[in-house]
2 protein chains.
Amino acid sequence: MASGDFNHSRPQRKRRKMQRVTMTDVANTADVSPSTVSLYLRKPSAVSERIAIRVRRAIDDLGYVPNYVAGGLAAAGSRVVSVIVPSLRNAFFSETVSELERLLARGGLQTLVGHSEYSLDQEEALVRAALSWAPAAVVLTGCRHNDATRKLLIRSQTPVVEMWELGGDPIDQAVGFSHEQVGRHIAQRFIDQGYESAAFLGARLDEDFRAAQRSQGFLAEMEAAGVPARLIENNAPASTSNGVRLFEELCMAPVRAVACSNDMIALGVLFEAQRRGLSIPTQLALAGFGDLDFAAQMVPPLTTVRPSADKIARKVAECILSRDVSGDDESRPVEHDTGFTLVPRASG
Amino acid sequence: MASGDFNHSRPQRKRRKMQRVTMTDVANTADVSPSTVSLYLRKPSAVSERIAIRVRRAIDDLGYVPNYVAGGLAAAGSRVVSVIVPSLRNAFFSETVSELERLLARGGLQTLVGHSEYSLDQEEALVRAALSWAPAAVVLTGCRHNDATRKLLIRSQTPVVEMWELGGDPIDQAVGFSHEQVGRHIAQRFIDQGYESAAFLGARLDEDFRAAQRSQGFLAEMEAAGVPARLIENNAPASTSNGVRLFEELCMAPVRAVACSNDMIALGVLFEAQRRGLSIPTQLALAGFGDLDFAAQMVPPLTTVRPSADKIARKVAECILSRDVSGDDESRPVEHDTGFTLVPRASG
DNA sequence: ATGAAAGCGCTAACAG
DNA sequence: CTGTTAGCGCTTTCAT
């Protein structure tokens with residue numbers, strides 16, 4: 001990525017010189033010095049009650065809103081955390097971002113989101129932009145990044161958390177689980193049930209490395225057990241309609257059990273199976289990944305894997321927040337395994 | 001909200017005084033003045049090719065990453081847009097945020113997200129935090145806000161876009177459609193089909209004002225047509241499992257047609273109906289809202305309403321981006337109706 | 001416990 | 001086209 005890429009200020013909106021209320025205004029009104037106001041804001045207990053009252057009044061009267069931008073500059077580090085996910089349309093990530101935002105907000109941190117559309121170059125661009133905010137931390141999805149991204153991040157000294165995947169060598173901290181193991185567990189379930197043939201339905205496997213790993217684990221385990229298993233894939237998003245499409249393709253040469261990239265795909269399979277009069281699990285066994293809300297409601301309920309998105313979010317937040325108070329370093333890199341749960345249900 | 005709320009800098013991570021590469025460093029290396037570097041970054045065409053080359057080299061050699069925080073301070077206005085939605089778990093909003101983020105990024109704007117959990121007070125807190133970033137714009141969901149929020153926003157002179165709903169009096173710009181009309185259209189469809197009784201299944205109606213308006217429109221239209229219609233509601237999220245729950249409650253006194261808060265709820269109804277052996281649409285007609293991906297795949301396909309989340313996102317981005325270049329003011333407030341489409345399918 | 005002073009890294013007139 | 005000069009609003013020693 002060339003250097004000319006960051007033009008951080010195109011012709012800007014003519015913000016009229018509105019006299020924003022500043023800390024100095026507050027100080028004047030309260031008849032104290034600006035630094036005292038600053039101190040009060042950051043550590044109210046450090047100023048006398050008499051002054052605290054005056055400052056508080058001034059703030060309310062004036063409707064003062066602090067300027068984090070200025071604060072960030074002075075303090076050499078803003079209170080934003082940049083979170084970069086492949087896609088917000090994906091329920092896993094929107095769930096994680098949602099929980100993360102909530103948790104970080106408690107710690108006084110603002111969440112900056114970006115989505116890479118599963119592109120490593122796009123990710124690099126986002127990281128570049130993120131670093132321009134001198135963020136308190138950068139959260140990335142997965143442990144596969146291009147070289148420039150890694151270099152940028154390491155060089156910046158910014159705390160980094162990679163989430164939703166384990167196994168690469170972490171830049172700093174990693175929180176997630178092994179997707180290959182997920183695939184293996186599903187395969188094992190199918191093997192235990194005695195199904196004699198199987199397939200994995202995958203979407204965007206060349207971009208979604210985690211889904212690819214699940215498929216690989218699945219196929220490997222099947223092969224080890226001597227159960228014939230195929231991979232059907234395409235490059236469309238992991239949606240229900242794509243599930244229908246993938247399953248249609250699979251039906252040209254049917255199998256006894258099918259594992260899906262995720263629950264959305266599985267939902268598509270369920271519908272298409274209904275349309276074709278295929279009974280689940282009698283004629284076709286079905287498994288998904290994600291344990292999204294509807295999985296348990298399906299008819300029949302879906303066998304799936306619960307990755308606990310919020311557990312990941314909690315752990316990530318913890319990494320960031322704790323790092324934030326203690327200046328501990330050199331303890332990295334670390335991997336935190338949040339595990340996953342196979343949820344056996346009637347579908348397969 | 002009291003004044004003590006914003007402590008924008010808790011004991012901060014001890015960032016060692018790492019010598020971040022600054023613009024001055026680049027200037028020195030390239031043997032030009034800092035302002036020339038700044039100019040090059042913002043308007044490459046304004047510097048001579050000779051110097052451009054030197055600067056570019058220096059940037060690459062040094063691995064310079066611009067500091068937006070400093071830039072924002074100097075330019076009196078950062079290039080972030082704060083987007084506040086009720087929930088990111090909701091597919092409508094994650095879709096909108098996703099698209100918005102993409103579009104704004106093109107314009108060099110970073111997206112700051114916050115979710116209010118459908119609470120007006122929470123929203124106020126988020127707006128307060130957002131304004132601390134001197135954002136280029138604030139995007140809110142819906143047109144219902146508390147007084148403090150409105151005051152804060154108006155006072156700040158920040159461009160505001162309220163999305164996903166029309167009908168209130170906009171603070172600045174509004175992009176969306178009438179949810180009441182959505183309800184009426186669905187009702188009309190049911191009336192046209194000759195169903196003699198109906199119900200609306202609603203989740204969180206006292207917090208989700210938009211869903212509440214859909215229910216009101218629906219009920220009003222039904223009443224006008226003399227078709228008996230009931231409202232079944234609870235305070236759980238608008239999920240598939242809640243759809244099941246609401247429908248179970250409805251089944252104590254069945255009706256001929258049921259309209260749902262959204263498609264997730266409708267999916268729950270479909271499953272529960274299947275379990276009870278109720279045939280759709282023969283015995284029960286069903287309609288949703290959202291036209292989520294799976295709606296068209298359901299068995300039978302779901303009659304629903306398509307709000308076009310990305311159309312909203314596009315229009316919002318347009319409002320922000322265009323405002324950004326031309327300093328036009330005083331043209332507000334404006335409402336942009338993005339409309340919606342009733343998508344009739346086999347379910348009802 | 002409070003204040004004075006010195007920047008943080010960059011942009012934006014303005015001069016040359 | 002390039003450089004000089006002031007800040008932007010806040011935090012942070014360091015005195016008092």
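The values are calculated or read from the model by the stated rules, or taken from the named source; none is laboratory data. This structure is a prediction, so every number in the text was calculated from the model and none was measured. Heads up, the Cβs are rebuilt from the backbone with ideal geometry, glycines too, and the neighbour counts pull from every protein chain shown.
Numbers at a glance
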quantity	calculated
Flag for A:Leu41 being surrounded by fewer than 21 Cβ atoms within 10 Å (Cβ to Cβ), within 16 Å of DNA strand D (Cβ to nearest atom) and within 11 Å of chain B (Cβ to nearest Cβ)	no
Hey, B:Leu152 within 23 Å of B:Ala346 (Cα to Cα) and either part of a loop (DSSP other than H, G, I, E, B) or touching a Gly at 6+ places or on another chain (Cβ under 8 Å) (or both) or not	no
The range B:179-204: number of residues that are part of a loop (DSSP other than H, G, I, E, B), farther than 14 Å from B:Val258 by Cα and without any contact (Cβ under 8 Å) to a residue 40 or more places away in the chain	0
B:Ala70, sole failed condition from (1) at pLDDT 90 or above; (2) out of contact with any strand residue (DSSP E or B) (no Cβ under 8 Å at 6 or more places or on another chain); (3) among the small types (Gly, Ala, Ser); (4) more than 10 Å from DNA strand D (Cβ to nearest atom)	(4)
Search result, residues across the range A:107-127 that are more than 7 Å from every other protein chain (Cβ to nearest Cβ) and either closer than 23 Å to B:Ser78 by Cα or under 13 Å from the mean Cα position of the chain (by Cα) (or both)	A:Gly107, A:Leu109, A:Ser116, A:Glu117, A:Tyr118, A:Gln122, A:Glu123, A:Glu124, A:Ala125, A:Leu126, A:Val127
Subset tally (residues that are near DNA strand C (Cβ under 10 Å from one of its atoms), at the interface with chain B (Cβ under 7 Å from one of its Cβ atoms) and assigned to a helix (DSSP H, G or I)) for the range A:45-79	6
Residue check, B:Ile312 modelled with pLDDT of 95 or more and either at negative phi or assigned to a strand (DSSP E or B) (or both)	yes
Single condition A:Thr149 does not satisfy, out of (1) over 15 Å from the mean Cα position of the chain (by Cα); (2) within 7 Å of chain B (Cβ to nearest Cβ)	(2)
Boolean, B:Asn90 is modelled with pLDDT of 90 or more, at the interface with chain A (Cβ under 7 Å from one of its Cβ atoms), surrounded by 20 or more Cβ atoms within 10 Å (Cβ to Cβ) and out of contact with any Pro (no Cβ under 6 Å at 6 or more places or on another chain)	no
Residues that are more than 9 Å from DNA strand D (Cβ to nearest atom) and in a helix (DSSP H, G or I), drawn from the range A:19-38	A:Asn28, A:Thr29, A:Ala30
Close pairs from the range A:32-54: first in contact (Cβ under 8 Å) with a residue 12 or more places away in the chain, partner hydrophobic (A, V, I, L, M, F, W, C) and surrounded by fewer than 14 Cβ atoms within 10 Å (Cβ to Cβ), Cβ under 8 Å, at least 6 apart	A:Tyr40/A:Ala46
Residue match in the range A:273-284 (condition: away from every other protein chain (no Cβ under 11 Å) and in contact with a Ser or Thr (Cβ under 8 Å, 6 or more places away or on another chain))	yes
Any hit, the range B:49-65, residues being more than 10 Å from DNA strand D (Cβ to nearest atom), crowded, with 21+ Cβ neighbours inside 10 Å and of a type outside the set (A, V, I, L, M, F, W, C)	yes
Residue satisfying condition, being closer than 18 Å to A:Ile186 by Cα and either over 25 Å from the mean Cα position of the chain (by Cα) or not assigned by TED's automatic domain parsing to the domain that holds A:Ala212 (or both), within set A:Leu267, A:Leu284, A:Leu250, A:Leu278	A:Leu284
